[in-house]
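Structure record follows, encoded as structure tokens.
The values are calculated or read from the model by the stated rules, or taken from the named source; none is laboratory data. Values in this document were obtained by computation on a predicted structure and should not be read as measured data. We place every Cβ from the backbone using ideal geometry, glycine too, and count neighbours over all the protein chains shown. Keep in mind that these areas ignore ligands, DNA and RNA; they rest on the heavy atoms of the full protein, side chains included. Shrake-Rupley method; radii C 1.70, N 1.55, O 1.52, S 1.80 Å.
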Amino acid sequence: MVDDHHPGGGRSVLRGPPPGTAVEIQRAQPPADHVMAERGVVIHSAMTWLVAYFPGDPGRLADPADPASIRVLRTADVTAYRDLADCDPAWVIGTWNHLDPEGPGLLQAPQATRVWELAARLAQHRLDTNAASLLTHAQLEHWAGRLLTEDDIDRLEDAIPHSSIPDAIAAIVDGMDSSDAE
């Protein structure tokens, strides 16, 4: 919840997270000792409750027209809040790309939809910039096994963010983070 203190000594007003905020909840999964985190996006909120769209995972996306993908939650049940722009870029882009053709108007939340669209554009830009700057021309030619033209490079720069390379890099970094934590 957000606490807005009014200037001039007025009362504080508590309100829920703004539309477009990513939320995480924890759900028990069989077997009983397994807990799964689910991510959703706030489409409407109030002081003690919110309505969120849970799009699922990139491999198993939920239809925005399916009433089961829209949930009313108590704010107390939310385990984490994040700005959508700070979430995993692949999740933001993947779910936006699924939602956009389905008609984001189905969510009846223009503010949340606009935040999501902007976050997806930012995430795509971050992936494009990061992937292109990580791979040198020489490395790309080595992997390709031949000399590459500028047209080849341009096509690769467009294709790399949509390939498994960003996911592979994320997995490698997660492995490094796990090793550092030990």
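Return yes when residue 37 is modelled with pLDDT of 80 or more, part of a helix (DSSP H, G or I) and over 12 Å from the mean Cα position of the chain (by Cα) and no when it is not.
Working: modelled with pLDDT of 80 or more: yes; part of a helix (DSSP H, G or I): no; over 12 Å from the mean Cα position of the chain (by Cα): yes.
Criteria not met by residue 37.
Taking strands (runs of 3 or more DSSP E) that fall entirely within segment 46-94, which contain at least 1 residues that are out of contact with any helix residue (DSSP H, G or I) (no Cβ under 6 Å at 6 or more places or on another chain) and exposed (fewer than 12 other Cβ atoms within 10 Å of the Cβ)?
70-74, 80-83
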- line: Going through (1) under 21 Å from residue 114 (Cβ atoms); (2) open to solvent by 70 Å² or more (accessible area, probe 1.4 Å); (3) at pLDDT below 80 one by one, residue 28 fails only at (1)
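Take segment 28-78 and flag every residue that is among the small types (Gly, Ala, Ser) and closer than 23 Å to residue 89 by Cα. Let's see the steps before the verdict.
Within segment 28-78, the subset among the small types (Gly, Ala, Ser) is 28, 32, 37, 40, 45-46, 52, 56, 59, 62, 65, 68-69, 76.
Matches in segment 28-78: 37, 40, 52, 56, 59, 62, 69.
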message: Out of the residues in segment 168-182 meeting the condition of being open to solvent by less than 90 Å² (accessible area, probe 1.4 Å) and under 20 Å from residue 126 (Cβ atoms), tell me which one is modelled with the lowest pLDDT.
response: 177
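In contact with an Asp or Glu (Cβ under 6 Å, 6 or more places away or on another chain) and surrounded by 14 or more Cβ atoms within 10 Å (Cβ to Cβ), is that true of residue 43? Talk me through it step by step, then tell me what you get.
Numbers: in contact with an Asp or Glu (Cβ under 6 Å, 6 or more places away or on another chain): no; surrounded by 14 or more Cβ atoms within 10 Å (Cβ to Cβ): yes.
It is false that residue 43 is in contact with an Asp or Glu (Cβ under 6 Å, 6 or more places away or on another chain) and surrounded by 14 or more Cβ atoms within 10 Å (Cβ to Cβ).
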Filtered residues of segment 95-124 (kept if at pLDDT 85 or above, of a type outside the set (Val, Ile, Thr), within 21 Å of residue 59 (Cβ to Cβ) and crowded, with 16+ Cβ neighbours inside 10 Å): 96, 116, 119, 120, 123, 124
- prompt: Does any residue in segment 39-57 that is touching a residue at least 60 places away in the same chain (Cβ under 8 Å) come within less than 6 Å, Cβ to Cβ, of a residue that is hydroxyl-bearing (Ser, Thr, Tyr) and open to solvent by less than 30 Å² (accessible area, probe 1.4 Å) six or more places away or on a different chain, and which pairs are these?
  reply: 41/53; 42/21; 43/53
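Has segment 78-90 got at least one residue that is over 22 Å from residue 121 (Cα atoms) and within 14 Å of the chain's Cα centre (by Cα)? Talk me through it step by step, then tell me what you get.
Let us first name the residues in segment 78-90 that are over 22 Å from residue 121 (Cα atoms), namely 78-80.
Filter once more, so that each one left must be within 14 Å of the chain's Cα centre (by Cα): 80.
Within segment 78-90 (the criterion being over 22 Å from residue 121 (Cα atoms) and within 14 Å of the chain's Cα centre (by Cα)), the answer is yes, since at least one residue qualifies.
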Sole exception among (1) surrounded by 12 or more Cβ atoms within 10 Å (Cβ to Cβ); (2) out of contact with any strand residue (DSSP E or B) (no Cβ under 8 Å at 6 or more places or on another chain) for residue 154, by number: (1)
- prompt: Give me the pairs: first residue in segment 104-129 and hydroxyl-bearing (Ser, Thr, Tyr), second residue open to solvent by 20 Å² or more (accessible area, probe 1.4 Å), beta-carbon distance under 6 Å, and six or more apart or on different chains, which are they?
  reply: 113/104
- request: Kindly provide the set of residues from segment 36-53 that are in contact with a Lys or Arg (Cβ under 7 Å, 6 or more places away or on another chain) and farther than 14 Å from residue 81 by Cα, ordered by number.
  value: 36, 47, 48
